[in-house]
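K.L.:
This is the structure, below, for whatever I ask next.
Here, each number is a calculation from the coordinates, and none is a lab measurement. This structure is a prediction, so every number in the text was calculated from the model and none was measured. All Cβ positions, glycine included, derive from the backbone under ideal geometry; neighbour counts span all protein chains shown.
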Amino acid sequence: MAVVALRREEPDRGKSAVDASMASRLDEVFDNPLRTTDVELLTIRDLTVRFGGLTALSAVNIDVGHHDLVSIIGPNGAGKTTTLNAICQLIKCTGEIHFAGRRIDRLAAWRIAAAGIGRSFQDPPLIDHYTVLENVLCGAHQRLRYGMLHQVFWPPRVRRFEARMARRAMTLLDFVGLADQAGKDAGSLSFGARKLVDIARAMVSGPRLLLLDEPSSGLDEAERHSLRAILLALRQEKRVGILTVDHHMDLVRSTATHVVALQAGEVLMAGSPAEVLDSARFRVAIVGGSRADEKLAAELPNEPPPSDNDTGDGGREEEL
Amino acid sequence: MDRLVVSLFGGGNLGGTYALVALGIVLAFRATGTFNFAHGQFMLLPAFVVGAWQAGSGGPLWIPVVEGLIMVSALGVVFYLLVLQRTVGLLHFMGVIATFGLAAVLDGAFLIQYGSPQYSIDVPGLPKGVVTLLGAHLSAQELTLTAFTLVLAGLVAGALRFTPVGIKIRAAGQDAILASQGGINVRLVYVGSWALAAALAGVAGIVYGTSNLVNHSMVDVALAAFPAILIGGLDSIEGAVVGGLLVGIAQGFIATYLGPQYLDVLTYGLLLVVMLVFPQGILGTRTVTRV
């Protein structure tokens, strides 16, 4: 019988993707690490979303470790973006969502963002008549540490704080390769650049978990290459846990530590990128595999996909 | 020269009132995307409270002013929470219809509570008498109130531009989802926006009532501010102040040089001309379509 090893792929422990100077600057951005890593960063159990009579998600379980990059893949309508929207509480859902040990599925959207979850969107919601820098700073409201009274009675504090936030934003623009565009209006950017600005905006508050909704959609090959480098650098630097939704299998294969395949609102299977993307079940269900795949898939027993809390650091071998 | 000065300062007086009214309407619009057609009634409520107080028992003016502003702010908040929040996701005109409904309800309530009064508001301590400026005789009280409304409108616009609270209000009005992802409590901001919008209308109503009769026709002042909003830019807070001032001064000149019968036609004519050159208003956001 085939043995499927459910292991997370470990990050490349070779040369760091960023130089020491950028690493130090990123320290200033991700300046609020969690005190403990004893619990998973994100735990989703029995997540269900219904829109009237339509069940968009059904009993979905997903785990994201503190420095994991988990990719949710699946065809259109599988419930990928719905999963992210449910985590952010932009839509109603049932089930339990725990972030760093704290239950968040009953919190308002702004509280979830304030708790340390940054989100980018499939269609970047940039403000076209603001500059790139100003758009990135739109993500920093929760880090505002001055009020009206400071502005009246203590302007130097306000200026220091504003300068610090501008430095954070510039660090992130430098990180995503857009530092030279900081003063340009966001409306003049290409779609790929807008995506990167949106990702920088999601990071400016120094989140502990990044939710990236189809970060590679609409990007050309060069832009996808840049995005790949950014994701790998974040993974290598262990700054933040990342949960992405993506359609580009090459990008998923080369960046993810763990993949969850959704189909029709349910988890089809989960595991390492190779385990999921190379499996016959996945190919038949998602992309329509070859006749050999269909034959192999037909021979596989019909059992539920493994749950994600089985994929610990040591991995677990499951016999089929 | 004296006609010029009278037009300028008389128009400035009206412009200050329009600026406050327009600011309130733009604030509410940015919060919920709804033109508040009950804004005139929001002006009228505190003016009635103050007018009735002074006509009745009398006493310190601050009591009915505070009471009136609290009442109208609470009304704005309750209307947002109970009605407008539920129109989110529905067709835009549903919210507009709701404000028409509120206006009708308030008109009826005012009739029941106050009848058809003709109050006037007297603010003690305001300078009386006449000021002569470049040959023109101007009311000292009106000059003071003009300065007050313009300074207040400027302070509110400045606060919305530069303070953290104002930035959050503008952010939530720009893009609610983006604002929530930035950690802004959007619901609280919208509640605050409606409270502030109603309070600004109330202040405008009280100030207007010091130089004009407080009666049911005051609601027409809010309707007259709509050209100011469109000229300034529907989504622009600074535009509301600029548009209000512009329309007020324009009306001052029209009334002085041409006569009051030309007010409406030339005001809306001005609106059409501005729309031809600046379809989004002088300070409104230009819509860019990416192709």
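K.L.:
If you bin the C-alpha pair distances of the protein assembly as shown every 10 Å from 0, what whole percents do you get?
P.N.:
3, 15, 22, 20, 15, 12, 8, 4, 2, 0, 0
K.L.:
Further question: Let me understand the range A:128-205 better: what is its radius of gyration from the alpha carbons, and its Dmax, in angstrom?
P.N.:
When restricted to the Cα atoms of the range A:128-205, Rg and Dmax are 13.3, 43 Å.
K.L.:
Please compute the net charge surrounding A:Ile87, taking Lys and Arg as +1 and Asp and Glu as -1 over other residues with Cβ under 10 Å from its Cβ. Could you put the intermediate results ahead of the total?
P.N.:
Working: positive: A:Arg119; negative: A:Asp105.
Surrounding charge for A:Ile87 is 0.
K.L.:
Only Lys, Arg, Asp and Glu count, each charged at its Cβ (+1, +1, -1, -1), so figure out the dipole size of chain B about its Cα centre, rounded to 20 debye.
P.N.:
Details: 10 positive and 10 negative charges, 144 e Å.
Charge dipole, chain B, about its Cα centre: 700 debye, nearest 20.
K.L.:
Separate question: Given the options A:Ala166, A:Leu268, A:Ala233, identify the residue whose Cα lies farthest towards the positive end of the charge dipole of the range A:151-288 (+1 on Cβ of Lys, Arg; -1 on Cβ of Asp, Glu).
P.N.:
Value: A:Ala166.
K.L.:
Which of these, B:Gln174, B:Gln261, B:Gln41, has the largest mean-square fluctuation under a Gaussian network model of chain B (Cα springs below 10 Å)?
P.N.:
Looking only at B:Gln174, B:Gln261, B:Gln41, the largest GNM fluctuation is found for B:Gln261.
K.L.:
Also, quick follow-up: In the range A:128-205, if the dipole is taken from +1 on Lys/Arg beta carbons and -1 on Asp/Glu beta carbons about the Cα centre, which of A:Leu133, A:Ile199, A:Gly147 is farthest to the positive end?
P.N.:
Value: A:Gly147.
K.L.:
Same structure again: Treating only the Cβ of Lys, Arg, Asp and Glu as charged (+1, +1, -1, -1), what charge dipole size does the protein assembly as shown show about its Cα centre? Round to the nearest 20 debye. Present the calculation step by step, with values, prior to reporting the outcome.
P.N.:
Numbers: 49 positive and 53 negative charges, 268 e Å.
Using only the charged Cβ atoms, the result is roughly 1280 debye.
K.L.:
Give a quick list of trypsin sites (Lys or Arg not before Pro) in the range A:91-155 that DSSP marks as loop, anything other than H, G, I, E or B, with at most 15 other Cβ atoms within 10 Å.
P.N.:
Working: sites: A:Lys92, A:Arg102, A:Arg103, A:Arg106, A:Arg111, A:Arg119, A:Arg143, A:Arg145; in loops: A:Lys92, A:Arg106, A:Arg145.
Passing both the DSSP loop test and the Cβ count: A:Lys92, A:Arg106, A:Arg145.
K.L.:
Can you give me the distance in nm between label points at A:Glu221 and B:Val151, each placed 7 Å from the Cα along the Cα-to-Cβ direction?
P.N.:
With each label placed 7 Å out from Cα toward Cβ, I get 6.7 nm.
K.L.:
A further question on this structure: I want to check the label-to-label distance for B:Val88 and B:Arg161. Put each point 7 Å from Cα in the C-beta direction and report it in nm to one decimal.
P.N.:
Placing both labels 7 Å beyond Cα along the Cβ direction yields 3.0 nm.
K.L.:
Based on C-alpha coordinates, I'd like the Rg and Dmax of the range B:14-55, in Å.
P.N.:
Radius of gyration, then largest Cα-Cα span, for the range B:14-55: 12.3, 38 Å.
K.L.:
If you add up the charges near B:Ile206, with Lys and Arg at +1 and Asp and Glu at -1, over every other residue whose beta carbon is less than 12 angstrom from its beta carbon, what do you get?
P.N.:
Values: positive: none; negative: B:Glu67, B:Asp122.
Overall, the nearby charge balance is -2.
K.L.:
Non-local amide H neighbours of A:Gly74 (under 5 Å, H modeled in plane, Pro and chain starts lacking H): which ones?
P.N.:
A:Leu262
K.L.:
Please compute the average number of Cβ atoms from other chains found within 10 Å of each residue's Cβ in peptide B:172-179.
P.N.:
Working: counts 2, 0, 4, 4, 2, 7, 12, 6.
Neighbouring Cβ atoms belonging to other protein chains average 5 per residue here.
K.L.:
PRE reach from A:Lys92 (point 7 Å along Cα→Cβ): which of the range A:48-81 fall under 19 Å by backbone N?
P.N.:
Residues A:48-60 fall inside that zone.
K.L.:
Now a separate question. List the residues whose amide H sits under 5 Å from the amide H of A:Leu57, counting only those 5 or more places along or on another chain, with H placed 1.01 Å from N in the peptide plane.
P.N.:
Amide H neighbours of A:Leu57: A:Val49.
K.L.:
Take the Cβ-Cβ distance between B:Tyr257 and A:Glu28 as r, set R0 to 51 Å, and report the resulting FRET efficiency rounded to the nearest 0.05.
P.N.:
Values: r = 62 Å, r/R0 = 1.22.
Plugging the Cβ-Cβ distance into 1/(1 + (r/R0)^6) gives 0.25.
K.L.:
Which FRET efficiency, nearest 0.05, do B:Ile177 and A:Ala229 yield, Cβ-Cβ r, R0 35 Å?
P.N.:
Values: r = 28 Å, r/R0 = 0.81.
Between B:Ile177 and A:Ala229 the formula returns 0.80.
K.L.:
Moving on to the next point. Just round it to a whole percent: the fraction of Cα-Cα distances in chain B exceeding 34 Å.
P.N.:
Numbers: 8102 of 42195 pairs.
Across chain B, Cα pairs with separations above 34 Å total 19 percent.
K.L.:
So what J values fall out for the range A:117-125 if you push phi through Karplus, 6.51 cos²θ - 1.76 cosθ + 1.60 with θ = phi - 60°, rounded to Hz, Gly and Pro as x?
P.N.:
Computed from phi, the couplings for the range A:117-125 are 10, x, 10, 10, 10, 4, 10, x, x Hz.
K.L.:
Quick check on the exposure proxy: order A:Phe175, A:Phe153 from fewest to most C-beta atoms within 10 angstrom.
P.N.:
Values: A:Phe175 22, A:Phe153 9.
Lowest to highest Cβ neighbour count: A:Phe153, A:Phe175.
K.L.:
Using 1/(1 + (r/R0)^6) with R0 = 25 angstrom and r between the beta carbons of A:Trp154 and B:Leu188, what's the FRET efficiency to the nearest 0.05?
P.N.:
Taking R0 as 25 Å, the efficiency between A:Trp154 and B:Leu188 is 0.50.
K.L.:
Sticking with this one: Among B:Tyr80, B:Ala176, B:Thr132, whose Cα projects farthest towards the positive end of the dipole of chain B, with charges put on the beta-carbon of Lys, Arg (+1) and Asp, Glu (-1)?
P.N.:
So the residue we want is B:Ala176.
K.L.:
Give me a comma-separated list of calculated 3J(HN,Hα) values for the range A:51-62, in order, Karplus coefficients 6.51, -1.76, 1.60 applied at θ = phi - 60°, integers in Hz, x for any Gly or Pro.
P.N.:
10, x, x, 9, 8, 7, 9, 9, 6, 7, 10, 9
K.L.:
Sticking with this one: For A:136-143, what's the mean count of beta carbons from other chains sitting within 10 Å of each residue's beta carbon?
P.N.:
Numbers: counts 0, 2, 9, 4, 2, 12, 4, 2.
The shielding value for this peptide is 4.
K.L.:
Another question about this same structure. Quick one: what are the phi-derived ³J(HN,Hα) couplings along the range B:48-58, Karplus 6.51/-1.76/1.60 with θ = phi - 60°, whole Hz, x for glycine and proline?
P.N.:
5, 4, 5, x, 5, 4, 5, 6, x, 6, x
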